[in-house]
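Okay, structure first, notes after.
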Amino acid sequence: MKIGAFKISKDLPEINKPIAIAMLKPWIDVGRVGSLSISQLCKSLNAIEIARLSEPGMFFDFTRYRPYMKLVEDKKILEIPNTIIYYAKDNNSGNNYLFLKIREPHMFGENYAKSITQVLTHFEVSEYCRIGGMYDSVPHTRPIIVTGTLTDKQAKLTEGLVSPRRNTYQGPTSIVNLVAEMATSKDMLTTSLMAHLPQYAQLDEDHMATYRLMQVLSSLYGFSNTFYDSEKGEKQYEDLDLAIEKNSQIKSLVKQLEIYYDNVLSSNASSNEEFSEDVETFLNEMGNRLSGPEDYKDYIPKDI
């Protein structure tokens, strides 16, 4: 069976009004936070593949997303980049899930977004949640900030984990955002979660940010807190501490970012506190920088 550009697997299990959790690669997947979170959920819930693009070359440039050759039992297998959808049921909560590993298209973006929306509609998805990570002017020495668009009920469930700070970014974005618009037009609940990572660190895989995002997802949907732990992330950030100790310039930057975090971004920040003139100037500069990236290329990773 085909739905839009997707080939649907045969012998599907019963799928009952699932929640769709999606990540977008490579846009807004810095530190591979979205990729790692989706992969861990698929692994922990024994997810099965149910759909993939029948002809991914319709949407992807394979000089940018390179096919991959690997050996399996002395036989060469060619893996072609694709957008893949998985299904899983969480026996603890009884919830059904679709996990979407979406790649940024290089062409025919509107048809691509329409096909994804058609799959969501076919399976009567009750909620479409987009997750990911972006670089921000935040220190690694403070709790990772997660922002999002949630319902009032969801905001209460994630109180203390999701910042009320709103994303005011205006500028270039992904055509895949059309999926959320199309889903909303069909009265589907659309939500989002974004982890804000320290821009100076730029880790290939940020396990601390992934842990934080998984904490939020667990609060929202009742996933087991054993799905992901903080050990890898803590070790990464400890190593980062050691590296920064040897770089006085970055060490000074981190101190400034801590001031901004504690006095503006933190939920405990006091708006009545008076600061020195130097600190006031710095806070104003940071506020201007965070109103939106002047160069959006700094906020997204390279194609992978």
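Readers should treat all values here as calculations from the given coordinates under stated rules, not as data from a laboratory. Please read these numbers as outputs of a predicted model, since none were measured by experiment. Quick reminder, even Gly has a Cβ in these numbers, built from the backbone with ideal geometry, and neighbours come from all protein chains shown.
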For this session: Note down the nm distance, to one decimal, between modelled labels 7 Å out along Cα→Cβ at Leu189 and at Gln256.
Result: 4.2
Exercise. What per residue convex hull volume, in Å³, comes out for the chain when only alpha-carbon positions are used?
Worked result: 162
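For Ala243 and Glu181 in the same chain, what is the full-extension length gain: residue separation times 0.36 nm, less their Cα-Cα distance, in nm? Walk me through the numbers on the way to the answer.
Values: separation 62, 0.36 × 62 = 22.32 nm, distance 4.30 nm.
Extra length available between Ala243 and Glu181 comes to 18.0 nm.
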Seminar exercise, completed: Going residue by residue through the range 241-250, the Karplus relation 6.51 cos²θ - 1.76 cosθ + 1.60 with θ = phi - 60° gives ³J(HN,Hα) values, rounded to whole Hz and with x marking Gly or Pro, of 4, 5, 5, 5, 4, 8, 10, 5, 5, 5
Exercise. Radius of gyration and Dmax for the range 1-132's Cα atoms, expressed in Å?
Worked result: 14.9, 44
Exercise. Just going by the charge dipole of the chain, with Lys and Arg at +1 and Asp and Glu at -1 on Cβ, which of Leu178, Thr117, Ser9 is farthest out on the positive end?
Worked result: Ser9
For this session: Would you mind computing, in nm to one decimal, how far apart the modelled labels at Gln202 and Ser9 are, each placed 7 Å from Cα along Cα→Cβ?
Result: 3.8
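Calculate the dipole size of the range 45-154 relative to its Cα centre from +1 charges on Lys and Arg beta carbons and -1 charges on Asp and Glu beta carbons; express the result in debye to the nearest 20.
Details: 13 positive and 13 negative charges, 47 e Å.
With only Lys, Arg, Asp and Glu charged at Cβ, the dipole is about 220 debye.
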Problem set entry | For the range 124-181, fraction of C-alpha pairs farther apart than 15 Å, in % | 63
Exercise. Between Lys25 and residues 5 or more places away or on another chain, which pairs have amide H atoms under 5 Å apart, with H built 1.01 Å from N, and which residues are they?
Worked result: Ile102, Arg103, Glu104
Exercise. When the chain is fully extended, how far beyond the present Cα-Cα distance does Asp152 get from Thr168, taking 0.36 nm per residue of separation?
Worked result: 3.8 nm
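Pairs of alpha-carbon atoms within less than 8 angstrom and 6+ residues apart define the contacts here; what relative contact order does the range 29-163 have, in percent?
Relative contact order here is 26 percent.
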Seminar exercise, completed: Computed about the Cα centre, the charge dipole of the chain from +1 Lys/Arg and -1 Asp/Glu charges at the Cβ has a magnitude in debye, to the nearest 20, of 1320
Exercise. Within the range 175-258, which GluC sites (Glu not before Pro) sit in a loop by DSSP and count at most 15 neighbouring Cβ atoms inside 10 Å?
Worked result: Glu205
Problem set entry | Spatial separation of Cα centroids for the range 175-197 and the range 1-74, in angstrom | 18
